[in-house]
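Trainee: The structure under discussion is supplied below as structure tokens; questions concerning it will follow.
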Amino acid sequence: MRPTKTISGAMQEMTFTRRATVVGGLQIGVGVLLATRMAYISVAENERYKLLSESNRVNLTLVPPRRGWIIDRNGKPIANNKTEFRVDIIPDRLRDKKKTVATLAELLSLEPEELQRINRELAQASSFQPVQVAAGLDWERYAAVSVRLPDLPGVSPRQGFSRNYPTGPAVGHLVGYVGIASAEDYKENPDPILITPGYKIGKDALEKIFEDRLQGEPGAKRVEVTARGKIVRELNTRPDVPGKPLQLTLDVDLQEYAARRLGLESGSVVVMDTHSGDILAMASMPSFDPNSFSDGISTVEWGMLSEDDHVPLRNKILKGLYPPGSTVKPMHAMAFLEAGVQPSDTIICGGGRRIGNRFFHCWGNHGQVDMAKGIYQSCDSYFYHFAQQVGFAKVADYAKLLGMGQEFPLPVSSQFFGTVPSPAWLEKKYKRKWQTYDTVNSSIGQGYYLANPLQLAVMAARLATGRKLMPHLLMGGTRKPAPSLGFTDDHIAYVREAMSEVVNGRGTAGRARLPLDDVLMAGKTGTAQVVSLSVSNGKRSAPWKYRDHGLFICFAPFDNPRYACSVVIEHGGGSGAAYPVARDVLTFLYDREKAMNVLTELETSWGGTIQERMDSQMASYRARRNLEKAMAENPAPAPPAAAATEPGDADAGE
């Protein structure tokens, strides 16, 4: 049996001292580690944690820059900026999308189609891409959303600037519009400003082409916030740098007048300064309101625009191609003169010309016709004859020299430049030889001939001056004088005089005479056939899509031209729909009050201004859509089937 070990007090004290030393050492070690870590955090990582703390207390927000103004030649705004209150949704910050949208709909009194748009865009948007709920809010509705922000995560009310187009539809096709950057835009340029609520980029036309110039540089704002994100105070702000202005050659008053004067027609007006080539107006109607697109267009308005057979979404000036009809006759006459045809050379018009085994009709029976009469009476027979004599290859060369078939160096996304037919072109395009009937059709601006309204205006300007004027849309820069086309002064004066006779004498456009004592306008009518005469006579009594196009080119004053103009009215039923528009537009350049008096009376008969008619049209379209929807949801019951009749009953009834 082993003896029991006796533990003395001294031994116990020694054991306790060793354990205390170990524990104390461990505590000291831990303390040293903690102190070292705290020292490292407070000294070495001081800046990092200071920034983290600051980011919890302070929010840094980018401030969208104000876009540069687009102004006309006189400094009047075509596109500017206005102060607005707006509300956006940031999709990745939403907690309950359905509840949030429903709350906003109640607070902002949103229409059903607006709710459809918002839900559609939320479904399509990337998590970071802001979705516009409403813009242009009054203070009461903006404040109603702002006070509910703690209950509306993901909702971003903002006060800032929005794009504004004072003349609305009058400049839609030319200026374009702005909109929120898409996911594709952000992938192409991952700049944080693109996903800042309220920031918009150019989406079409000049707004898009000159985006770099117009967009400006964003500012920044630092605000102190609570843990829940409520703003306590604004600390400091770095102001934005507005974009640079863009000055156009347009006269915005003339532009608006031309757009309004087109009225209910589908057509276009181009006006050029024959001294400089500056484009003073290029109106295409009907159009769209760029303010609607910039604010977020509703499904109803988009449906109305996209279904309209007058195609308001197409820029008819640059993308509308039409047979030029008889508007080319003065230009063809100039080609005849240059080829050696004498103005006094005549033909007999007996209502047309027999060419080969076919009779080509003239629109009238003009008797003896020289060159001047061929122009002012628009005698087809005259041009059938001399186009064959000169050869259309030479005529086509002069057509190109005067601007037909040409693409001009303008700041536009695209332009359709049409066709000047010629033997070489036909061989290349269709692999066939040029025939006599091709010359006949082309001599009066039909057949394969196609031109846009800008080319027609350039042709008028070059005919009027004898110089190779180029159209300009931007002010500034050094411009060299337009070179001569090589026409003799006698030939230019002869064609001018004949075109003056069209309006002021024995011609086809007497109603185009300017209501001015000291200014005479020269012009040329044109009618472009749309369907064969077996389908429709092309007049205004025919269905709209079967009517002939009406065209008119002109310049004034005829003996010292300052302005050139072209007007094209789609399915206008002939040139009689075009030259009254040109008359009033040129009158506006000389006597605005007289021109406005005419317009005011016309707009009363049309149902109001452009905007008033568009509002009325949209109300009708909305009512029709609602009716169609109601009928689809509640179809009328089918009528009861008629009871079958026995044969004997039928016999008895006779």
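The values are calculated or read from the model by the stated rules, or taken from the named source; none is laboratory data. Keep in mind the model is a prediction, meaning the values are calculated, not measured. Note that each Cβ is placed from the backbone with ideal geometry, even for glycine, and that neighbours are counted across all protein chains shown. For accessibility, only protein heavy atoms count, side chains too; no ligands or nucleic acids. Shrake-Rupley method; radii C 1.70, N 1.55, O 1.52, S 1.80 Å.
Trainee: Which one of these is among the hydrophobic types (A, V, I, L, M, F, W, C), outside any helix (DSSP H, G or I) and open to solvent by less than 10 Å² (accessible area, probe 1.4 Å): 469, 426, 456, 463?
Mentor: Going through 469, 426, 456, 463 in turn, the sole match is 469.
Trainee: Could you tell me which of the residues 506, 562, 547, 511 is in contact with a Lys or Arg (Cβ under 9 Å, 6 or more places away or on another chain), basic (Lys, Arg) and more than 20 Å from residue 329 (Cβ to Cβ)?
Mentor: Sole residue among the options that is in contact with a Lys or Arg (Cβ under 9 Å, 6 or more places away or on another chain), basic (Lys, Arg) and more than 20 Å from residue 329 (Cβ to Cβ): 547.
Trainee: Restrict the check to region 106-126 and report whether at least one residue is in contact with a Leu (Cβ under 7 Å, 6 or more places away or on another chain), open to solvent by 10 Å² or more (accessible area, probe 1.4 Å) and outside any loop (DSSP other than H, G, I, E, B).
Mentor: No: region 106-126 contains no residue that is in contact with a Leu (Cβ under 7 Å, 6 or more places away or on another chain), open to solvent by 10 Å² or more (accessible area, probe 1.4 Å) and outside any loop (DSSP other than H, G, I, E, B).
Trainee: Of 438, 489, which residue is among the acidic types (Asp, Glu) and over 28 Å from residue 550 (Cβ atoms)?
Mentor: Answer to the check: 489.
Trainee: Report, ordered by the first and then the second residue, all pairs with beta carbons closer than 8 Å, sequence separation of six or more or different chains, a first member in region 510-534 that is in contact (Cβ under 8 Å) with a residue 40 or more places away in the chain, and a second member that is loosely packed, with under 13 Cβ neighbours inside 10 Å.
Mentor: 530/545
Trainee: Another question about this same structure. So which of 254, 248, 264 ends up being closer than 30 Å to residue 459 by Cβ and open to solvent by 10 Å² or more (accessible area, probe 1.4 Å)?
Mentor: 264
Trainee: From the list 153, 166, exactly one residue is assigned to a loop (DSSP other than H, G, I, E, B), open to solvent by less than 40 Å² (accessible area, probe 1.4 Å), in contact (Cβ under 8 Å) with a residue 60 or more places away in the chain and touching a helix residue (DSSP H, G or I) at 6+ places or on another chain (Cβ under 9 Å). Which is it?
Mentor: 153
Trainee: For residues in region 281-310 being more than 12 Å from the chain's Cα centre (by Cα) and assigned to a loop (DSSP other than H, G, I, E, B), which is nearest to residue 617 (Cα to Cα)?
Mentor: Among them, the one singled out is 308.
Trainee: Would you confirm whether or not region 258-274 contains a residue that is part of a helix (DSSP H, G or I) and over 24 Å from residue 595 (Cβ atoms)?
Mentor: no
Trainee: Report the residue count in region 127-150 for those that are open to solvent by less than 60 Å² (accessible area, probe 1.4 Å), touching a residue at least 40 places away in the same chain (Cβ under 8 Å) and not hydrophobic (A, V, I, L, M, F, W, C).
Mentor: Residues in region 127-150 being open to solvent by less than 60 Å² (accessible area, probe 1.4 Å), touching a residue at least 40 places away in the same chain (Cβ under 8 Å) and not hydrophobic (A, V, I, L, M, F, W, C): 5 in total.
Trainee: Taking residue 417 as meeting all but one of (1) in contact with a Ser or Thr (Cβ under 6 Å, 6 or more places away or on another chain); (2) open to solvent by 50 Å² or more (accessible area, probe 1.4 Å), write down the number of the exception.
Mentor: For residue 417, the failing item is (1).
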